[in-house]
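The values are calculated or read from the model by the stated rules, or taken from the named source; none is laboratory data. This structure is a prediction, so every number in the text was calculated from the model and none was measured. When we count neighbours, we look across all protein chains shown, and the Cβ atoms used for this are built from the backbone with ideal geometry, even at glycine.
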Amino acid sequence: MTDNKSQAGTDLLIDRVIHEPARLKIMAYLSVVRSADFVFLLSRTGLTYGNLSSHMSKLEEAGYIQVVKEIKDKRPHTMLSLTNQGRTAFETYRKNILVLLGAN
Amino acid sequence: MSYEMDMKEIERQVYLSYSEDGLIDIAIGVVIAGWGLMLIQEPKGLIGLLGLLGLGIWYMGKRLITIPRIGIIEPSQKMERRLTNMAVFLVVLGLLIFAGILVMRSIGVMEFSNYSLAIVGLVLAGGVAALAFLLNTSRMYLYAAIIFVSFAGGEILAQYITSVDAFALAVIAGGGLILIAGIMVLVRFLRKYPRPQMEA
């Protein structure tokens, strides 16, 4: 059993990095856009600033998201996007979950 | 319990949230009501600039109200194509309407039909209905109906009520209704998306 994946079924692996509800939301919302800023994810996920930062760091450590910090209108601005690895991991997670739950 | 990650629904929610702010409603209401006001007040020639006023309201509202609350996204390629098509459509539509008004004024305005203003209303309503389709916002179909009824109803009323500019008043009323609806949508948006305390 790997650090971030659990055996769940014969050949299905559930990625624990993505499986956490808050991170799942982050990945889901980032998957439908090219990139989004921190405020967008705050408004969508309902997480607090600290929680979102923490989950963001975990996803970045796993190589699933890319975080770009810049200054915009003299204020710090953070843009997040899924990496190719992140998109692949999310798609794999989705398929595995749907198979596990018996969905078509 | 079924658990389906409907990505299309998530996508729909994401992009729909940007039209939940009521700004397009307010912009349309201001343009229509402004049109009616300009018919009563001078200078009438500035009617053509109402579109710019509406655009300005929409843009500043997005910048000052919407984006600080729900952030910015870079849309997916598919959505970018759709938004580009929508922008092109709106620009072309605006130009056509503006050109149509200029033509009507140059030929003496109401020579070719007894219900020319109703036709103008129909064209405007068609544009708003198309916008409703593109933005997937059903309340805008109602706005399209209000616009048509204001223009057509106003033109009919004007034939019977001559003491006041009935057409202008009908258009102002229609625009006012849309504006009020837009303000209500905006208030709901402000409650749903308070400004975040801290931003990264």
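Tabulated data for the structure shown
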{"quantity": "Qualifying residue in segment A:20-38 (condition: modelled with pLDDT under 90, among the polar types (S, T, N, Q) and outside any helix (DSSP H, G or I))", "calculated": "no"}
{"quantity": "Counted residues, segment A:39-84 - those being touching a Phe, Trp or Tyr at 6+ places or on another chain (Cβ under 9 Å), part of a loop (DSSP other than H, G, I, E, B) and touching a residue at least 40 places away in the same chain (Cβ under 8 Å)", "calculated": "1"}
{"quantity": "Pair list, Cβ under 8 Å, 6 or more apart: segment A:11-36 residue away from chain B (no Cβ under 12 Å), other residue of a type in the set (A, V, I, L, M) and part of a loop (DSSP other than H, G, I, E, B)", "calculated": "A:I14/A:A8; A:V17/A:A62; A:A22/A:L47"}
{"quantity": "Matching residues, segment B:69-93, being in contact with a helix residue (DSSP H, G or I) (Cβ under 7 Å, 6 or more places away or on another chain) and either at positive phi or within 14 Å of another protein chain (Cβ to nearest Cβ) (or both)", "calculated": "B:R69, B:I70, B:G71, B:I72, B:I73, B:P75, B:M79"}
{"quantity": "Residue tally, condition more than 10 Å from chain B (Cβ to nearest Cβ) and among the small types (G, A, S), over segment A:37-73", "calculated": "5"}
{"quantity": "Helices (runs of 4 or more DSSP H) wholly inside segment B:84-200 containing at least 3 residues that are β-branched (V, I, T) and surrounded by fewer than 16 Cβ atoms within 10 Å (Cβ to Cβ)", "calculated": "B:166-192"}
{"quantity": "Residues being surrounded by 11 or more Cβ atoms within 10 Å (Cβ to Cβ) and on the phi > 0 side of the Ramachandran plot - total across segment A:62-88", "calculated": "1"}
{"quantity": "For A:Y64: the one exception among (1) modelled with pLDDT under 95; (2) of a type in the set (S, T, Y); (3) touching a strand residue (DSSP E or B) at 6+ places or on another chain (Cβ under 7 Å)", "calculated": "(1)"}
{"quantity": "Unique residue being closer than 30 Å to B:Q197 by Cβ, more than 13 Å from the chain's Cα centre (by Cα) and of a type in the set (A, V, I, L, M) when the list is B:I70, B:I97, B:I119", "calculated": "B:I70"}
{"quantity": "First in segment B:4-32 and touching a residue at least 24 places away in the same chain (Cβ under 8 Å), second anywhere and part of a loop (DSSP other than H, G, I, E, B) and crowded, with 20+ Cβ neighbours inside 10 Å, Cβ under 6 Å, 6 or more apart", "calculated": "B:E11/A:V32; B:V14/A:V32"}
